[in-house]
């Protein structure tokens with residue numbers, strides 16, 4: 001596993017925490033498929049991960065708006081994560097399963113670490129405000 005959910009990653013909101021956990025699970029699935037060099041399953045898993053990322057980004061932005069958190073920098077961080085994700089996805093697709101484990105890991109592991117760092121860094125502002133709401137808070 002290249003990414004692990006722990007309680008210290010919580011941002012004090014069930015929907016966001018659940019999305020983070022789900023994405024981490026998908027990242028680990030991608031990692032196992034990279035190791036297995038199962039290109040068809042990998043491309044499918046990358047597509048699912050991309051969809052989950054986009055859904056999470058939208059949901060998090062709605063919550064931020066509902067709690068009046070300035071989301072401009074956070075949104076830029078999402079755009080960078082998605083751009084970097086596309087780069088990794090494109091390189092893996094171009095190699096069509098012809099990669100060394102170390103080579104694929106050199107692409108996927110840094111991105112997974114950036115996602116975890118995103119939760120820790122950009123999630124701080126959200127966590128401060130969300131801590132004043134119920135854990136199950138959802139925007140209307």
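Only the coordinates and a few stated rules stand behind these numbers; no lab work does. Bear in mind that the values here come from a model prediction, so they are computed numbers and not experimental data.
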Can you list the equivalent-ellipsoid semi-axes of the stretch 87-140, largest first and in whole Å, using the square root of 5 times each Cα gyration tensor eigenvalue? 36, 12, 8
Please report, to two decimal places, log10 I(q)/I(0) for the stretch 1-86 at q = 0.15, 0.16, 0.21 Å⁻¹ as given by the Debye formula with identical point scatterers on the Cα atoms and no solvent. -0.61, -0.69, -1.07
For the chain: relative contact order, % (alpha-carbon pairs under 8 angstrom, 6 or more apart): 41 percent
In degrees, nearest ten, helix 39-66 long axis to first principal axis of the chain (Cα): 10 degrees
Here the tail fraction of P(r) beyond 22 Å, over all Cα-Cα pairs of the stretch 18-140, rounds in percent to 38 percent
Say we join alpha carbon atoms closer than 10 Å with springs in a Gaussian network model of the chain; which of 11, 91, 30 then has the biggest fluctuation? 91
